[in-house]
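Presented below is the structure to which this report refers.
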Amino acid sequence: MDIDSYTDQEIALAILHRDSIITREYLYRKCYPMFKAIHSKYYTDCETPFELINQIYLYILWPHKDTKISKLESFGFRCSLTVWLKIITEHYCQQLFKKKVNLSETDAEVGNMTIHEEEYISHNTKSLDEDDLRKILAAMPNERYSRLIELHYVKEMSNEETAFELGLTMENYYNCHKRAKAQYCAALRKEGLI
């Protein structure tokens, strides 16, 4: 299938009608590089660009609570569909980041964990002997998250230094940090350490 032979209107209509072939070709193949770049640049709750695409797919098809019209249905084709999708996705990610910042300011949370829990993880990593710590880090399913815990809590690198070492933007770092702490705590629970 040559997705480039379709007009933006035809692609939008196919997505609205849940045409899985055109949706997959357009969103998951043609637009994948764009989604990958946005995923690397902005804060999201997604581990992969494919998860981001899934979220945006739902976001553009979900009807507005008042008008009952989805974002894609209200697209006026004043720009290309790809440009519109990029703007929508960046705006979506910016809104997620603003919510995260507001949450952490109002609830005194760091990555959905209270400051007390943050201190607990820091203390716990220092109190474990090296073999036990390596075992816990190896038990974490995501290698990047394991490395984040090691760099930030064991080697005591700052958030900025850890993000740089892992090749992450700060927005993505905070998302990964939250998930890394959750995986670390799950590994500790599995070993009966908390």
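Label positions at Lys41 and Asp131, each projected 7 Å from the Cα along the C-beta direction, are separated by 4.9 nm. Using R0 = 41 Å, the C-beta based FRET efficiency linking Asp66 and Gln9 works out to 0.95. Less than 12 Å Cβ to Cβ from Gln55, Lys/Arg counted +1 and Asp/Glu -1: what total charge do the surrounding residues give? It works out to a net charge of -3. Stretching Ile88 away from Thr48 to a fully extended chain increases their span by 12.6 nm, per 0.36 nm per residue minus the current alpha-carbon distance. Packing, taken as the mean count of other beta carbons within 10 Å per residue, orders the peptides 171-181, 13-23, 45-55 from highest to lowest as 171-181, 45-55, 13-23. If you wrap segment 1-67 in the convex hull of its Cα atoms and look at it from every side, the mean projected area works out to 5.3 nm². Packing around the peptides 67-74, 26-33, taken as the average count of other Cβ atoms within 10 Å per residue, puts them in this order, highest first: 26-33, 67-74.
Values quoted throughout were computed directly from the atomic coordinates according to the rules given, and no laboratory measurement underlies them. A quick note: this is a predicted structure, and the numbers were derived from the prediction, not measured. Because the Cβ atoms are built from the backbone with ideal geometry, glycine has one as well, and the counts that use them run over all protein chains shown.
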